Amino acid sequence: MRWVVHGEDAIYESEWLRLTMVDVEVPGGRRFPHHVVRMPQDAAGTLVVDGTRVLLLWRHRFVTDEWGWEVPAGRLDEGETPAQAAVRECLEETGWEPVAVRPLTSFTPVSGLVDLHFHLYAATGAVHVGDPVDTSESERVEWVEAARLREEVTAGRVVDGLSLMALLWGFAFGLV
């Protein structure tokens, strides 16, 4: 069943997002206003694996007031492909440049409310280029052993959806 969209009005706009009110009608005739967050750029992240270790950032997210492990990720710059963004974000946030990046999956994390698409990539290894360029991204960058990482996921210390998807994909398909 496909919902019918009768129109959409912007409530708020910035370079980061656009909040809209969409006039929708569900099959069966019920019509109502629905908030939607429109994102101007997709985002990309990289699961970097080196043997039994995974490259992660330990960071705080003020929105949810949570600490957790995350894979390097961020928004695409104008004219950039998701693969290019994944490599650039990893290098900027960790100081490590991924080797041989390949696509894992793409998904919409909150498809009932937000139109953001995440693109996930995997890399086998990385070359250390230097310190992270963006020092405000994390408290620390660390190569985490797979056995410890399973414990971290189980203990709830991976709370970011993109990172959970990347790590669980990696565990499920033998990348980690």
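Every number in this text was worked out from the coordinates using simple rules, so none of it is lab data. Quick caveat, the model's predicted, so the values are computed rather than measured. All Cβ positions, glycine included, derive from the backbone under ideal geometry; neighbour counts span all protein chains shown.
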>> Restricting to segment 72-101, name every residue that is under 16 Å from the mean Cα position of the chain (by Cα) and part of a strand (DSSP E or B).
In response: Ala73, Gly74, Arg75
> Got at least one residue in segment 154-173 being free of Cβ contacts under 8 Å to residues at least 40 places away in the same chain, under 30 Å from Val22 (Cβ atoms) and out of contact with any strand residue (DSSP E or B) (no Cβ under 7 Å at 6 or more places or on another chain)?
Replying inline: yes
> Which one of these is in contact (Cβ under 8 Å) with a residue 40 or more places away in the chain, β-branched (Val, Ile, Thr) and surrounded by 13 or more Cβ atoms within 10 Å (Cβ to Cβ): Val22, Val37?
Replying inline: Val37
> among the hydroxyl-bearing types (Ser, Thr, Tyr), buried (at least 20 other Cβ atoms within 10 Å of the Cβ) and in contact (Cβ under 8 Å) with a residue 60 or more places away in the chain, is that true of Ser138?
Replying inline: no
> For Arg157, which of the numbered conditions (1) surrounded by fewer than 20 Cβ atoms within 10 Å (Cβ to Cβ); (2) not in a loop (DSSP other than H, G, I, E, B) fails to hold?
Replying inline: (2)
